[in-house]
Amino acid sequence: MPVTTDIVASYRGPGRVVRRLLDMGPREDRALAFVMAFCGIGFIAQLPGLARRAHLEGLDLNMLMGGALLGSVFILPLLLYVLSWGTYLISRMFGGATTSYQARLALFWALLASSPLVLLNGLVAGFIGPGPVQTLTGTLWVAVFVWFWFSGFSQTRRAPA
């Protein structure tokens, strides 16, 4: 199934989508593609807010975009790999049969599947700016991400290791 169709299906049943992805077998290239796609989308989502900030504060937009690119595309994937490894270790400490790949896939898919809300949050940051609406969209994104992550991670416990 195309990734966009899987993203839409995740909003109806995130566990089923992760279950199907796990049934396709362990492929690290797929997990890496998911995390890099999310990081690229996250970078793009920051651009409206950065443009607003540069305009209002008289800052150089190129410098702001360079810092966002460095953080989003080069540093964030490494931090997400560390986070997935940490959840794998915590799962193993409590007797889970999850593999490191399964923990990575659950986290990376949850991030990618929730990326439409990251884009919405970026648009709100650019057009409306800081305030209750941006807080609401950010909270909505975090809630959906956590729902997707926990639903996907629960499927990893049912997967053959």
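Accessible surface calculations at 1.4 Å, restricted to protein heavy atoms, place the stretch 73-161 at 52 Å² per residue.
Annotation note: trypsin sites (Lys or Arg not before Pro) in the stretch 20-73 located in DSSP loop regions with a Cβ neighbour count of at most 16 within 10 Å are R27. If you wrap the stretch 1-71 in the convex hull of its Cα atoms and look at it from every side, the mean projected area works out to 6.2 nm². Distance between the modelled labels on M36 and L119, one decimal in nanometres: 2.0 nm (7 Å Cα→Cβ projection). Near Q46: Cβ cut-off under 14 Å, other residues only, Lys/Arg at +1 and Asp/Glu at -1. The net charge is +2. Computed 3J(HN,Hα) for the stretch 44-50, one whole-Hz value per residue from the Karplus formula 6.51 cos²θ - 1.76 cosθ + 1.60 where θ = phi - 60°, is 4, 5, 6, 4, x, x, 5, glycine and proline marked x. For the stretch 47-161, the carbon plus sulfur part of the accessible surface works out to 74%, probe radius 1.4 Å.
The values are calculated or read from the model by the stated rules, or taken from the named source; none is laboratory data. This one's a predicted model, so the numbers in the text were calculated from it and none came from an experiment. Positions of Cβ are generated from backbone atoms using ideal geometry, with glycine treated the same way; all protein chains shown enter the neighbour counts. Ligands, DNA and RNA are excluded from the accessible area calculation, which covers all protein heavy atoms including side chains. Shrake-Rupley method; radii C 1.70, N 1.55, O 1.52, S 1.80 Å.
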